[in-house]
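For reference, the structure discussed in these notes is given below.
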Amino acid sequence: MTQPTLQEYQEAIQRPDLCFKDPDLKNGVTTPGVFGLPKVISGGFAGVFQIKAGKTSYAARCFLREGDNTERRYKSIHDFLSRKRINCIVKFEYINQGILVKGKWYPILKMEWLEGETLSTYIENNHHNRDTMNLMASKFKELVEELHKRGISHGDLHDQNIMVVNGELKVIDYDAMYVPGLEGQDCSEVGHLNYQHPERRLSHYGPYLDHFSEWVIYVSLKALAIDPGIWDEANGGDQCLLFRNSDYQDPENSHVFKALSRINDDNLSILVEALRDALYTYNLMDIPSIIDENKLTQRHRRLAKESAYVPEINMKELEVKYNPGDSSWIWDNKKVEYKHFTRADAIARVATVLPLLYILVVEALFILHELPSSQYALITLGAPALVLLTPVSYWTNNQVKERRIKSIKLGKLEEETRVHRKKIQQELKTITQFKSRVNEDIKKLRNQIMSLKNTESLELKKIESIHWNRLRELKETTKSLDEMEKHERDTQLKEKKARYVVEKLKSHRLAASRVPALGLVKGFLLSRQGIRSAADFTDISINRNLFLDNGARFRFRNGGSTVIWWLNPQQIHALRDWQRDLKKLYESKSPDKLSAEENKKISQKYKTQRANLEKEEMKVKETIQEEKKKTREEFSEKIENLNKIIEDKKQHHDEEVNKTQSTLNEI
């Protein structure tokens, strides 16, 4: 089944109590991120959410892609690791019904949340410290030794999958991990390109899987321990330590390899050469691990010493001692072997003896007989025969014949070798040009993918930017609702108190009350002016103007006022004190809280407002997610097509390489 998107996981995980079955996750809370959605760390294969349950934090790893036999693979990994104590690996639990998204259950990984830094961040902050880098190199080698000891390969070692926790190294993300028992399967992914061999394929899966990435990380750490400046020179930290995939494609022209070659350190040179040799190793199983560093270093130094050593021998002082022993044993039981001579052997023997006899005869004739000059010609007639006899004996010799036959065969073999060598050179030239074209095509396609991803990122940010202001406005309004609700409660309570006081003041009528110094007549006259009780006016003051220096100005509750000229100051003060005393009396008796019904009404009002705001906020978020999903699908289709072309080219590349290898083997 198709896995949910990262946004769908984010929406579901906002309610851990509803989306999880696991008790720890179900009772936990998420860490908020952008727009209030749960914070997520995303990768190519999964998204990781932090769930806090009390003092413990867990990582919920949600899969974005459905791998082949994911459940069986993780079960094998879990079963193997649960029987071992491996310090560098975090224990995890594969939960088949892990998270509920849109009514369907999907698997997750639950593991302890690590509080630390990624290796990349740690090195970026500490690369200037040589001792720290040396320590990290040693720690990394210990980590590798621990994995090799158990027969494990991580499958995707890179700077983001290695954590530095309290000075110790831990590996995370086990999607590509190999453990004993998974033999014969394909890997689920080929790993980060900046840390993997150019020939790495899904079919590569075994205990040798990490060897190349081990060298990449180890050489980087060792180089930084000697020359921290190489970090800036190589522009480290951009999804790599020092090396990138482009360095593996063309190591001879690599800026990083050239920079490392300028560092004057014998041990580092040996390590860099080992990494370079690994790049030129077609079979990944033949690449050694960094745990063989000492063997490689010793062998390299021994070969260098042997090639540089020239022995000096003083022949004058050289003594050869020979102590003869009993050699009779050599001839014990030795049978005499008889030699059978052939016709060619007879001719050779005659050709050897006759010249000697001829010379002896001629010398004897000269010595014993003084021959006349006329006989010289006769004597010399035998010389040509002897001269002819010598080459005849040579060419009829068996060894000469065999050498001549072998020489002819050797000439034919040399000709065949030249032809084969020419064919090999042509095959190598053809396959090299082909690989170069394929690599160039793949490089262009990957650049297109990178460009599409950058464009996609810009489009996604643009979508967020368009809706950001409205979301911020909604959040600010939601945040202010609590203050508004409190203010309304205070206002309603204040109004309720005021109404209570007014109602009580209405019961105190001027005509019936005995206000000191006022009298019944003036009380009656005031009622004719609309001032019948203590509730009919809010304030009373002495009216002063150019024409009249007495009289009272009454202010009514509706905002109006009137002047009563026939009240003297004593009566005005009496009225004011009378009303003030009544106000104090009833204010002390007024309600000090709203009724349950009134509180319920206010709560319902703001609950409705919050619900409306949440609904609108969710609608805006859904709009954002829909637009982002549509954008992602558009770009995903384009990227998927390009990736398919890349895989086709890789497959064609492998077929041609295998065909060439077969041809070379035949030659």
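The values are calculated or read from the model by the stated rules, or taken from the named source; none is laboratory data. If you're wondering where the values come from, they're calculated on a predicted model, not measured in any experiment. Quick reminder, even Gly has a Cβ in these numbers, built from the backbone with ideal geometry, and neighbours come from all protein chains shown.
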**Prompt:** Do you know which residues across region 32-47 are in a strand (DSSP E or B) and touching a residue at least 40 places away in the same chain (Cβ under 8 Å)?
**Reply:** Ala46, Gly47
**Residue under evaluation Ser57, criteria (1) part of a strand (DSSP E or B); (2) touching a Leu at 6+ places or on another chain (Cβ under 6 Å), criterion not met** = (2)
**Checklist (1) under 28 Å from Glu93 (Cα atoms); (2) of a type outside the set (Asp, Glu); (3) in contact with a Lys or Arg (Cβ under 7 Å, 6 or more places away or on another chain); (4) assigned to a loop (DSSP other than H, G, I, E, B) applied to Leu169, failing item** = (4)
**Message:** For the list (1) part of a helix (DSSP H, G or I); (2) more than 23 Å from Lys435 (Cβ to Cβ), I need the number of the one condition that Pro228 fails.
**Reply:** (1)
**Request:** Kindly provide the set of residues from region 201-225 that are charged (D, E, K, R), outside any helix (DSSP H, G or I) and surrounded by 19 or more Cβ atoms within 10 Å (Cβ to Cβ), ordered by number.
**Result:** Asp210
**Prompt:** Within the bounds of region 603-612, is there any residue that is assigned by TED's automatic domain parsing to the domain that holds Arg472 and assigned to a loop (DSSP other than H, G, I, E, B)?
**Reply:** no
**Close pairs (6 angstrom Cβ cut-off, 6 or more residues apart or separate chains): touching a residue at least 24 places away in the same chain (Cβ under 8 Å) and under 18 Å from Ser457 (Cα atoms) in region 617-635, surrounded by 18 or more Cβ atoms within 10 Å (Cβ to Cβ) and not hydrophobic (A, V, I, L, M, F, W, C) anywhere** = Gln625/Gln7; Phe635/Glu456
**First in region 649-663 and farther than 17 Å from Lys443 by Cβ, second anywhere and among the β-branched types (Val, Ile, Thr) and surrounded by 12 or more Cβ atoms within 10 Å (Cβ to Cβ), Cβ under 6 Å, 6 or more apart** = Thr660/Ile431
**Asked** Could you say whether any residue in region 544-557 is surrounded by 15 or more Cβ atoms within 10 Å (Cβ to Cβ), in contact with a helix residue (DSSP H, G or I) (Cβ under 8 Å, 6 or more places away or on another chain) and in a strand (DSSP E or B)?
**Response** yes
**Message:** Given the condition surrounded by 24 or more Cβ atoms within 10 Å (Cβ to Cβ), of a type in the set (D, E, K, R) and under 30 Å from Tyr58 (Cβ atoms), answer yes or no: does some residue in region 175-195 qualify?
**Reply:** yes
**Message:** Which condition from (1) without any contact (Cβ under 8 Å) to a residue 40 or more places away in the chain; (2) closer than 19 Å to Arg509 by Cα is the one that Ser541 breaks?
**Reply:** (2)
